[in-house]
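This report refers to the structure that appears directly beneath it.
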Amino acid sequence: MEIKIIHREEDRVHFLVEGMDVAFANAMRRTMLNRLPAMAIDEVLILENTSVMYDEMLAQRLGLIPITTDLDSYNLPEDCDCEGKGCSLCQCTLTLEKEAGDEELVVYSGDLSSQDPKVIPASNEIPIVKLAPNQSIIIEAYARLGTGGENAKFQPVSTVAYKYVPVVSVDASKCDQCGVCVEVCPKNIFVIEGDTISTQNTLDCALCEICVKECESGAITIDSKKDAFLFKVESSGSLPPEDIVVRAAELLKERTRIALDFAGTL
């Protein structure tokens, strides 16, 4: 199996994987979505709330804030010695205390104060509630590890998708250089160079085959590699995208080993 990074940003990564079948590719996608743990606020103690927002809505908004995750320092509640009752090894406390003065005040995720500097909101600019003059809120929130299979707020990814690697070819003997493919292609895959039409950036091809339908001479063929996939992984901010991919692969490997061991006992 070969992996090549196509594009890398702070919160997303595009990479090419060769030597993989579609079942394994889908298992990787589902592992990143549903089985890789991430932190999220799960319990909220509202000590004071004089804003116009109901307590339940406020708690829900807090739960949807992406929280940076430290997988090495925290346990899943079911794996913790406290049996999920809540301790420093499976739970992190965040507090929020704000009071508006004579003017309106918007409370942001950055106003949350965490007992662990490694477990904080992934963005400081997520609005939580607007306080009118003299309104206030005092909140104590508890974040823990969970998986996307339990609740979508625990998913470490906002997007994870894959597609087959496109293979775009132009038969020069059939092509009459009409240029229709250049005009209709939404991804600008085709380009006219002198008296020929060539391809560029074929990995961007969406496999829509509009060019094939519009090419009257039948010079264009669109195919795909069956053992190669283009992955797009976008982090919610809980974990770096590279960590999501690596840890998901390790988790899938461990689950496969357990399944093989179990099959060997049958």
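For Kirkwood radius over Cα pairs in Å, which listed value, (i) 22.0; (ii) 19.4; (iii) 18.9, comes from the coordinates shown?
Computing Kirkwood radius over Cα pairs in Å and matching it to (i) 22.0; (ii) 19.4; (iii) 18.9 gives (i).
Explain nothing, just compute: Karplus ³J(HN,Hα) = 6.51 cos²θ - 1.76 cosθ + 1.60, θ = phi - 60°, for every residue of the range 72-84 in order, whole Hz, x for Gly and Pro.
With the stated coefficients, the range 72-84 comes to 7, 9, 10, 9, 5, x, 6, 9, 8, 5, 7, 6, x Hz.
For the range 38-155, with equal point scatterers placed on the C-alpha atoms only and solvent neglected, what are the log10 I(q)/I(0) values from the Debye formula at q = 0.11 1/Å, to two decimals?
Debye intensities relative to I(0), on a log10 scale: -0.36.
Subtract the Cα-Cα distance of residue 243 and residue 95 from 0.36 nm times their separation in residues, and report this length gain in nm to one decimal.
Here the answer is 50.5 nm.
Can you grab the distance from the C-alpha centre of the range 212-242 to the C-alpha centre of the range 70-113, Å, no decimals?
Rounded to whole Å, the Cα centres lie 39 Å apart.
Under a GNM of the chain (C-alpha, springs under 10 Å), which listed residue has the highest mean-square fluctuation: 29, 61, 255?
255
Can you put 82, 181 in order, fewest other beta carbons within 10 Å first?
82, 181
Every number here is computed from the coordinates shown, using simple stated rules; none is lab data. Computed from a predicted structure; not experimentally measured. Don't worry about glycine lacking a Cβ; one is built from the backbone with ideal geometry, like all the others, and counts go over all protein chains shown.
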